[in-house]
1. Taking Ser254 and the conditions (1) in contact (Cβ under 8 Å) with a residue 60 or more places away in the chain; (2) of a type outside the set (A, V, I, L, M, F, W, C); (3) in contact with a Leu (Cβ under 8 Å, 6 or more places away or on another chain), which numbered condition does it fall short on, given that it satisfies the others?
2. If we only count strands (runs of 3 or more DSSP E) wholly inside region 254-334, which ones have 2 or more residues that are polar (S, T, N, Q)?
3. On the given criteria, is Asp199 of a type in the set (Asp, Glu), touching a residue at least 40 places away in the same chain (Cβ under 8 Å), over 30 Å from Gly339 (Cβ atoms) and surrounded by fewer than 23 Cβ atoms within 10 Å (Cβ to Cβ)?
4. Please go through region 129-158 and give me each residue that is more than 21 Å from Lys91 (Cβ to Cβ) and among the hydrophobic types (A, V, I, L, M, F, W, C), ordered by number.
5. Counting only residues that are surrounded by fewer than 16 Cβ atoms within 10 Å (Cβ to Cβ), at pLDDT 95 or above and outside any loop (DSSP other than H, G, I, E, B), how many does region 103-122 have?
6. All but one of (1) under 22 Å from the mean Cα position of the chain (by Cα); (2) at pLDDT 95 or above; (3) part of a loop (DSSP other than H, G, I, E, B) hold for His145, so report the exception by its number.
7. Kindly list the number of the only condition in (1) under 23 Å from Arg310 (Cβ atoms); (2) among the aliphatic types (A, V, I, L, M); (3) surrounded by fewer than 24 Cβ atoms within 10 Å (Cβ to Cβ) that fails for Ile174.
8. Tell me, which residue of region 60-94 that is closer than 17 Å to Gly229 by Cα and modelled with pLDDT under 85 is surrounded by the most Cβ atoms within 10 Å (Cβ to Cβ)?
Amino acid sequence: MDASDIAEWIRISSRSAGKRGRRSILRFWNPDDYARFLHALQPNPSGADGALPKGVRKLGLIQAVSCRAGSRELPRSLAGKAYWEDDIRVKVSALPKGAIVTDTGIPWGVKHIQAPQAWSRTTGYRVKVGVIDTGVDFGHPDLRHSLERGINLLQRMALPQDDNGHGTHIAGTIAAANELQGMIGVAPRSTIYPIKAFDHNGSAYVSDIILGIEWCVRNQIDVVNMSFGMKTRSKSLLNAVGTAYRAGILIVASSGNDGRIGEIDYPARYAQTIAVGATNQRSRIASFTNRSGLVDVYAPGDRIVSAWLRGKHREMSGTSMATSHVTGAIALLLALKPGLTPNQIKSLIQSSAKPLRNSKALRTAGELNVARLLKAAEQL
């Protein structure tokens, strides 16, 4: 492989694509080929900064780069050594926003999964929860005791401040801790590390998400909430999810809100995640939920009240909201049993779930229940 020729091809391809060219991910199979390529790509390889050409981003976790591509034709010297795939746009998973509310306390979903009954034993203390989303409202009174700085992948020097609301809502369900004046989440003493990968429209590239997962691996996060989905399979995202799983980090992902039967979104469809569908207050699968045998557990996701921008609270529905309940439950579990592997956690979540009401399919996953989850963990 002639790394310098390939590096020059990347530079030319990126320039010809301009700002409007679609983004792609170029991933190398061999670490040595990747290292040679990066070395050749740097304008001053001997320099300390290791800067790459403008618009080219290193995805070290999966031995890849992301860039705008003018040409989809790989040079011959890359045959069998690397592959292109589209750097797909992804959206956060939520239905249209509900009303701003003033009556908070302990939301119905937190009560429904029996989290309060566990708080005398575990509150998620010191469990590190990564939330790859739109950021959080750092000024929200319900979250001020629950946040670490995290990272803003869109503006590296800025706080991961939420300019959409979705990430704040997710963080509130997981770890809000303002019992007297606001709301309380599933694991009120867990710590949220916000990873802002999504913009104000709730949109991100797969490469942003991979960078978020890489940050979580590097910072030894315990569990990661990914309340978003896409219809297209990405080998690069699968590789990142698998790498995190092998590093001991479990990712919890949303099944999607299209009401489809027999098919769920990626990354929830990957075996190395916990795929979450939504239920309503009657413990029935919400009509909007994508469902299939690949869903691992269902959780409250209909008309969920949680934190919102500017210190407010809003009601929202979606598998995003269900996913945050499961992430919070895992934080409770890990505070009690810190040595559990992702495989053990996934197995406990599945086996301890409460059978759903009026479920016609024999193999339908059950509904999250914290009391049952912790009891099952005691048997290990």
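1. (3)
2. Details: elements: 273-279, 297-300, 304-307, 313-316.
Counting at least 2 such residues, we get 273-279.
3. Values: of a type in the set (Asp, Glu): yes; touching a residue at least 40 places away in the same chain (Cβ under 8 Å): yes; over 30 Å from Gly339 (Cβ atoms): yes; surrounded by fewer than 23 Cβ atoms within 10 Å (Cβ to Cβ): yes.
Here the answer is yes, as Asp199 does meet what is asked.
4. Within region 129-158, the first condition is being more than 21 Å from Lys91 (Cβ to Cβ), and the residues that meet it are 129, 138-149, 156-158.
Val129, Phe138, Leu143, Leu147, Met157, Ala158 - these are the residues of region 129-158 that are more than 21 Å from Lys91 (Cβ to Cβ) and among the hydrophobic types (A, V, I, L, M, F, W, C).
5. Counting residues in region 103-122 that are surrounded by fewer than 16 Cβ atoms within 10 Å (Cβ to Cβ), at pLDDT 95 or above and outside any loop (DSSP other than H, G, I, E, B) gives 4.
6. (2)
7. (3)
8. Of region 60-94, the ones closer than 17 Å to Gly229 by Cα are 86-94.
Retained after the next criterion (residues that are modelled with pLDDT under 85): 93-94.
Details: Ser93: 31, Ala94: 25.
That would be Ser93.
The values are calculated or read from the model by the stated rules, or taken from the named source; none is laboratory data. Bear in mind that the values here come from a model prediction, so they are computed numbers and not experimental data. As a convention, Cβ positions derive from the backbone with ideal geometry for all residues, glycine included, and neighbour counts pool all protein chains shown.
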